[in-house]
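Undergrad: I am attaching a structure below and will ask some questions about it afterwards.
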Amino acid sequence: MNRLIIDCDTGIDDSLALLFAGLRKDIEISAVCSVFGNCSAHQAAINTMKILDLIDYPDIPIAEGENKPLVGEASYAANVHGNNGIGDVELPESRRELSPLSSVDLLLKMVRENPGEYTLVTLGRMTNVALALEKEPELPRLVRKLIFMGGTIYHEGNVGPFVEANIGGDPLAASKVLSAGFDAIQVGLDVTQTTHLTTDDLRWLKKNCRRECEAAVDYLIEALKGYFRFNHEASGMVDCCPVHDPLALVMTVAPELGEVEYWPAHVETEGRYTAGQILIDKRLHGENWPKLGCVLKVDHRKCVETILREFC
Ligand code: RIB
Ligand code: CA
């Protein structure tokens, strides 16, 4: 069983990731920690509760997290994810209650109670994790692994020439986390921007999903409309969108669908165009940076099919 603590900024692709994880029999979502990004941390926590309701997921701790980066102010991605983070789809109010703990404190409580038990999956800015590290420098040894959606190695960025939104949204946090000694796997734009969910996939899903998943599928179809539009305007994609956050979950449970290369890696924290850029050093006698596992290839179609299958 993969016991996951998912830290996310529940937007459209985060919600598909949560649904996929919630439906997988070999995943237990043990807790969800929210963070600002696609929307505010509060909105992300509310969205998480509503999304888990769609599949009747058991009552698990859901905490509200940090609402701004370690340095500077937050900006949200309403142009991509709508004003409420989930494509302006109105879902029913949830009866779940937020954890009284912050995301940082919930994360620390859980990993201290069950050291080595949880895999930490981050799908947004790494702000919560960086603050948790300040309180508990042993955090990298208390979790099994860190798998994160973020950054890019060779593919162009989505908020700068080589900068991706999750890392660019809090470069200092990412720099602290990726130099702290986690066994870390990066799932970045090299593979997420090139893995596509298509309108045909959605039509197929609508036709083939099982009854208990109908509400979730209807939500996805509605929420993804604006997301498809944005990706058409921003990247020229036609009738499809990239698969960012769900791919990090696929790599967590089906790593054989990807190829990982380990390289010394470093996050730039400064520079008008470079803050948030992940650099790898491939020189034989290069910098002595901590090694990062970078997923640089995936079987795109099998990954998408792995996600869709869970709804059927
Ligand atoms: O760059 C894509 C990432 O930024 C995804 O995690 C998306 O949800 C946003 O957080
Ligand atoms: Ca996200």
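Undergrad: Kindly evaluate Leu98 against the criterion of being crowded, with 22+ Cβ neighbours inside 10 Å and under 28 Å from Val253 (Cβ atoms).
TA: No: the conditions fail for Leu98.
Undergrad: On to the next question. Just checking, which of Glu66, Glu134, Glu97 is assigned to a helix (DSSP H, G or I) and acidic (Asp, Glu)?
TA: Glu134
Undergrad: Hey, another quick one. Spot the failing condition for Leu120; the list is (1) aliphatic (A, V, I, L, M); (2) closer than 14 Å to Gly188 by Cβ; (3) more than 13 Å from ligand 2 (Cβ to nearest atom), and only one is missed.
TA: Failed condition: (2).
Undergrad: Which condition from (1) in contact with a helix residue (DSSP H, G or I) (Cβ under 8 Å, 6 or more places away or on another chain); (2) within 16 Å of ligand 1 (Cβ to nearest atom); (3) more than 20 Å from Thr119 (Cβ to Cβ); (4) among the aliphatic types (A, V, I, L, M) is the one that Leu249 breaks?
TA: (3)
Undergrad: Check off (1) over 27 Å from Ile55 (Cα atoms); (2) of a type in the set (Phe, Trp, Tyr); (3) touching a helix residue (DSSP H, G or I) at 6+ places or on another chain (Cβ under 6 Å) for Phe311 and give me the number that stays unchecked.
TA: Only one criterion in (1) over 27 Å from Ile55 (Cα atoms); (2) of a type in the set (Phe, Trp, Tyr); (3) touching a helix residue (DSSP H, G or I) at 6+ places or on another chain (Cβ under 6 Å) is unmet by Phe311, namely (1).
Undergrad: Could you please give the count of residues in segment 1-52 that are in a helix (DSSP H, G or I), in contact with a strand residue (DSSP E or B) (Cβ under 6 Å, 6 or more places away or on another chain) and among the acidic types (Asp, Glu)?
TA: So the count comes out to 1.
Undergrad: Of all residues in segment 18-40 being within 16 Å of ligand 1 (Cβ to nearest atom) and farther than 18 Å from Phe148 by Cα, which is surrounded by the fewest Cβ atoms within 10 Å (Cβ to Cβ)?
TA: Checked segment 18-40; the qualifying residue surrounded by the fewest Cβ atoms within 10 Å (Cβ to Cβ) is Ser40.
Undergrad: Related question: Name every residue in segment 137-153 that is assigned to a helix (DSSP H, G or I) and at positive phi, in order of residue number.
TA: Scanning segment 137-153 gives no hits.
Coordinate-derived values only; no laboratory data. Because the structure is a prediction, the values reported are computed rather than measured. Don't worry about glycine lacking a Cβ; one is built from the backbone with ideal geometry, like all the others, and counts go over all protein chains shown.
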